Amino acid sequence: MEHRAVATGPGPSTSSTTACVEGRASASGPGRPRNLLDLPPELLVEIFCFLPGVSLPSLAASCKKFHQILNTDTIWRRRCRLEYGVSENQRRLEMVGIACRDLYIKRIKPRFKSGRFVKLLPDNENVEHRDVYTRLLHPYRNILGLWQPDIGPYGGLLNVVVDGLFIIGWMYLPPHDPRVNDAMRCKPLFRIHLCDKNKAEVECMYGHKGSHKGDIQIVKKDEFSTKCNQTDFHRMAGGRQEELNWTGHINAVARRAGQMEFRTWLAEEWGRTLEDIFHEHMQELILMKFIYTSQYDNCLTYRRIYLPPSAPEDLLPPGLFKGTYGSHGLEIVMLSFHGTHIKVTKITGDPNVPAGQLTLHIDVTRPILFPDVEHLRSFDKLSQIVLEVHQQVQCDQQNQEHWHDNTQHNPSSLQPTCNGVQEPEDQETKAAGMSTMLETGESEGATAGGSPAPSVPGQPFVLPVGVMARNEVYPRTCRACFYGTGLIAGHGFTSPERTPGLFVLFDEQCFGFIWLDLKSFSLYSRIEDSLRSAQAPFREAFELMLKSMQSWTS
């Protein structure tokens, strides 16, 4: 059988390995193997198992004996497992939180069908792991990890993983609104596997008629695109002959979309029927998303994203969360720490604030403590406290800019502030004090009036009267509250504005934000799915990714 060599990469060379073994063999005395070729085949198998897979093809080309030994499937099976996490159980899906009985079916007959998918697992009993490594895993290694699809303002979250002898792209969808505490939903968009001719084959999994031919083009290291070659598989028979029950221009657009196809999408995306949607504004938003995203069902571009790095002093572990956004439903956000500030960036978005934008910005040096529960229950009292901090922040920013301008001309100058003249406060020291406060129950901050404010983890929390909440099931105690700003904008991301609000830290798995201008409450719950190959190689790469995300949808 002919085997193609893959490009060599970092790792021990054949000559250096041979020389090392020859030197040790010569020093061992007479009667011992004098070179690598004298070693028994079973020992050579064990040695070769420790070499990187990219070095094995060139080693096989060095001599006939090595070529024969490197045909041993044990060597390549181990490399597949160690380098790419290939499991011996080809139908194991715990890593993506999906029961195999929900999606996987055993191929009994070529025409056997189950639900939306056809023969999701083709027969691969005779596939050699050398072919899996050299023709599947190594060529497509650069698409493993987390990606954000370029779907205008809506974005998304794609996780490409090695699953058995397959590479599968799973699209992660939030739970149905407003069940923010439910688990994420996943559906396969594409898969790559070896076909009968030992060639990697790409199949599109989108649509309702089973897998069909697709294509993947790796544009560059952190970008790739998918293309469907049989878009008729995405359509439902008879789906364009019926009319929706909505009126006006919505009905005209809906007729072109097709009732059956739209009903299916509505049930999957929102968990609702047409009869459940009464609000006209929500009808427009839902139908707009359906029409817009349907244009991308045959070709999509993806850009790599990383999970945020963590540090011991973080108030809660950074990561991905799902949160409520009013009529737009649930959206996916990423919480990350940047010194004394928390940034919450949209991974999915909407026509008002698109994916990639900074939806929340929290200052952890600005804790807010309410004297009693009544100050929380009253929206006017809560607003007064938060707005006083907001005015203080604006004043401090102006003073900081003025101090910076002065120090450029006179380094010994002091900063004039609203309360007199002082040097700028050490923000890192304030952050350290806040961490201590959360651990010991003593506050290092102060209320808007400047008086000391003791804080105890587990303080009572209630939503102010008149604040709208999509999900009324929220914790009744919180660890701390902080001043922050939220980004609001008009349709089409027009007139974006950062408005003050209250960040509520409930626990490590949950937080909330009260939007003062909107009089609404967003609840966020952590995404607990295990996401592999998603860590940034270094922090600067993560910071650069965040800046790039904003430009993708601006």
Packing-based order for 140-149, 304-313, 530-539, using average beta carbon neighbours within 10 Å, highest first: 140-149, 304-313, 530-539
Estimated FRET transfer efficiency (residue 388, residue 547; beta-carbon r; R0 41 Å; 0.05): 0.80
Whole-Hz couplings from phi, Karplus 6.51/-1.76/1.60, listed for segment 481-494; x for Gly and Pro: 10, 9, 6, x, 10, x, 8, 10, 7, x, 4, x, 6, 8
Unsatisfied cross-links (Cα-Cα over 18 Å) in the set 322/343; 220/346; 187/221: 220/346; 187/221
Exposure rank, largest accessible area first [299, 228; 1.4 Å]: 299, 228
In Hz, Karplus ³J(HN,Hα) per residue of segment 358-372 (6.51, -1.76, 1.60; θ = phi - 60°; x = Gly, Pro): 7, 6, 10, 9, 10, 9, 6, 8, 10, x, 10, 10, 9, x, 7
Residues whose placed amide H lies under 5 Å from that of residue 356, excluding near-sequence neighbours: 346, 347
Sequence of 182, 529 from largest to smallest accessible area, 1.4 Å probe: 182, 529
Built amide H within the under 5 Å cut-off of residue 49, gap 5+: none
Whole-Hz ³J(HN,Hα) from phi, Karplus 6.51 cos²θ - 1.76 cosθ + 1.60, for segment 173-182, glycine and proline x: 10, x, x, 5, 4, x, 7, 5, 8, 6
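The values are calculated or read from the model by the stated rules, or taken from the named source; none is laboratory data. Keep in mind that what you see is a predicted model, and the values were worked out from it rather than measured. Cβ: placed from backbone, ideal geometry, glycine included. Neighbour counts: every protein chain shown. These area figures cover heavy atoms from the full protein model, side chains too; ligands, DNA and RNA do not enter into them. Shrake-Rupley method; radii C 1.70, N 1.55, O 1.52, S 1.80 Å.
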